[in-house]
Amino acid sequence: MRKKIGLLLLLQLFMLRAGAKTDYDMNYTVGLDTVNHYLNVRLDYTVHGESDVRELVLNMPVWTPGYYEILNFPKHLCDFGAKDAQGQPVAWRKEGMNRWRISLDGQRQVQVDYRVYANHRDVASSRVEHNIAFVAPAGVFMHVDGETFHPVTVSFDMPSNWQHIATGMKPHAGDEKTFTAPDFDVLYDSPLLLGNFYVSRFDHEGHAYEFALETPEGAEEIGLERDFRRIVSAATQMMGDVPYDNYCLIHMGAGSGGLEHLNSQACYTDGTYHFKSRRAHVKFLAFVAHEYFHLYNVKCFRPAELWPIDYNREAITPLLWVSEGLTCYYEFRLLRNAGIATPEEALELLSTYFQLYAPYEGQRHMSLRQSSYDIWLNFMNDDENSRDVRINYYFKGPVVGLLFDIDIRRKTGQRHSLDDVMRLLYYRYYKELQRGFTEEEFWAAAEEVAGQPMTEIRRLVDTTADIDYDSYLREAGLYVDSENYAIRRVAHPNHQQQAFLKALNLYE
């Protein structure tokens, strides 16, 4: 989170708040039912000053950023109720799937209570168990309708034998169980792990870090902290900046999935860091690198459609192949630059994605651009015909990212690369303009770096045209092994190919 807010954002905040009818406080208290898997939520809403507001309208999000699927969080909510400062019931009614309208009727204080069932093992949902709880805030906390730019305080009433709360948010002064967020965007983007788990804190290159590991077995033996430091340093060297003061790595037990956040990541693991093979170990570190690089690509510079966030409906954009697909490309780049993966291991990572789309008919029916739109329909779609009629930008995106990178390097005689496009987007749209970029602005940035039109690469993104992989890869000392759809280095690269491989950090 930036320490200084630009003029544009300040104006936006002022306009949003100036349009509000009242000034108020929102203070949440959350208790935990560790037997029945519930979060018991209480909201204390207090009006300040003169106000003619006669009702309070609350919304709960139906999705969370980074997880491109409508999750309908209110389906887990029950026992909603409201009462005034004297404890008397207050009238309310439900509207639609995620809105509650409460009558204030002259009252300046109202207490809202509800319970959220929390027994789901995915990174977008909450989970309460006997000694640990994961809180995914978008599915727990409500905001005033249309007013996500408002401060909010959250306190936790934990069992007496629970020791830790880990989150990217900083605790309220003097109270380790209370957190104040400047707005709901920050709150919704700050998951919390509560309970008894392994905690490690350290400083690295001027920033504070916290590891919160539910099942830490093997973490020290494999050097998880060492490798994470290397990933951070590689990303910092590439981008030239660190967009946070502190960072929290939340890794939970056996499960699947990971989600990037403002200054944290929340991931499920195999339940242990004792990996069965070197390949599994490297693949996991690529997963960590993916969520970390999202700090830049989508949390800082992001498609215009993803900001400001509307939590009531889909945020449809043609650019998720950039946010997600290119982040997959940077998984292997970061691991190579960090000295973690060998060139062969890095190419194996990339080949895994290639093998998930190249042999299938779906690439002839859906473009990479279109997959960004339709992900809202297909995020978890495992229909039997999926590979026949569609592609996934997680798979094709990183391969096109490699071709994109090679194309810029050859157009500029190795003076520039896709890294320069990432940096341009970061410094121009996040640091300077403090807004998202449009599709045309993305391609303009790429052409600015390349010094030439990117017509052919854009055609590969926008259409289902066949890709002549060899026309890109051979020049860079790579080729496609047609027997198993693997991307490999040529056996005896010439001088030009060696230069390309060294630039891509694939030559030793």
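Solvent-accessible surface of region 403-457, taken per residue with a 1.4 Å probe and all protein chains present: 40 Å².
For SER417, which sequence-distant residues (separation of 5 or more, or a different chain) have an amide H within less than 5 Å of its own amide H, given hydrogens modelled in the peptide plane? Distant-sequence amide H within range of SER417: zero hits. Annotation: amide H-H contacts under 5 Å for MET252 (H modelled 1.01 Å from N, sequence separation of 5 or more, or interchain): GLU214, CYS267, TYR268, THR269. Its relative contact order, with pairs defined as Cα atoms under 8 Å and 6+ residues apart, puts region 248-367 at 19 percent. When each of the peptides 261-268, 303-310 is scored by the mean number of other C-beta atoms lying within 10 Å of its residues, the order from highest to lowest reads 261-268, 303-310. Helix content alone sets the calculated 222 nm mean residue ellipticity of the chain: runs of n ≥ 4 DSSP H residues at -39500 (n - 2.57) each, divided across all residues, give -9000 deg cm²/dmol. Accessible surface area normalised per residue over region 194-317 is 36 Å², counting heavy atoms of protein chains with a 1.4 Å rolling probe. With all protein chains in place and a 1.4 Å probe, the accessible surface of the chain carries 48 percent carbon and sulfur.
Backbone phi angles across region 141-154, fed through the Karplus curve with coefficients 6.51, -1.76 and 1.60 (θ = phi - 60°), yield HN-Hα couplings of 10, 9, 10, 5, 3, x, 9, 6, 8, 8, x, 8, 10, 10 Hz in residue order; Gly and Pro are listed as x.
Note on region 433-507: dipole from Cβ charges, positive end direction compared against TYR507, SER471, ASN484; the farthest Cα belongs to TYR507. Computed over neighbours whose Cβ is under 12 Å from that of SER155, the net charge equals -2, Lys and Arg +1, Asp and Glu -1. By a 1.4 Å probe calculation restricted to protein chains, PHE395 has an accessible surface near 50 Å², given to the nearest 10.
Derived scalar couplings between HN and Hα for region 259-273 equal 9, 7, 9, 3, 8, 7, 9, 10, 9, 8, 10, 7, x, 7, 9 Hz in order, rounded to whole Hz, by the Karplus curve 6.51 cos²θ - 1.76 cosθ + 1.60 (θ = phi - 60°), x for Gly and Pro.
In the context of the full set of protein chains, residues of region 46-121 present 49 Å² of accessible surface per residue (probe radius 1.4 Å, heavy atoms only).
The charge dipole of the chain, taken about its Cα centre with unit charges on the Cβ atoms of Lys, Arg (+1), Asp and Glu (-1) only, comes to about 540 debye.
The phi-based Karplus calculation (6.51 cos²θ - 1.76 cosθ + 1.60; θ = phi - 60°) puts the 3J(HN,Hα) values of region 430-436 at 8, 6, 8, 7, 6, 8, x Hz, whole numbers, x for Gly and Pro. Residues whose amide H falls under 5 Å from that of ARG390, counting only those 5 or more places apart or on a different chain, are GLY362, with hydrogens built in the peptide plane.
The values are calculated or read from the model by the stated rules, or taken from the named source; none is laboratory data. Computed from a prediction, not measured in an experiment: that's the story for all the values here. A quick note on method: Cβ atoms are made from the backbone with ideal geometry, for glycine too, and the neighbour counts reach across all protein chains shown. Ligands, DNA and RNA are stripped out before the accessible areas are found, and what is left, the full protein with its side chains, is counted by its heavy atoms. Shrake-Rupley method; radii C 1.70, N 1.55, O 1.52, S 1.80 Å.
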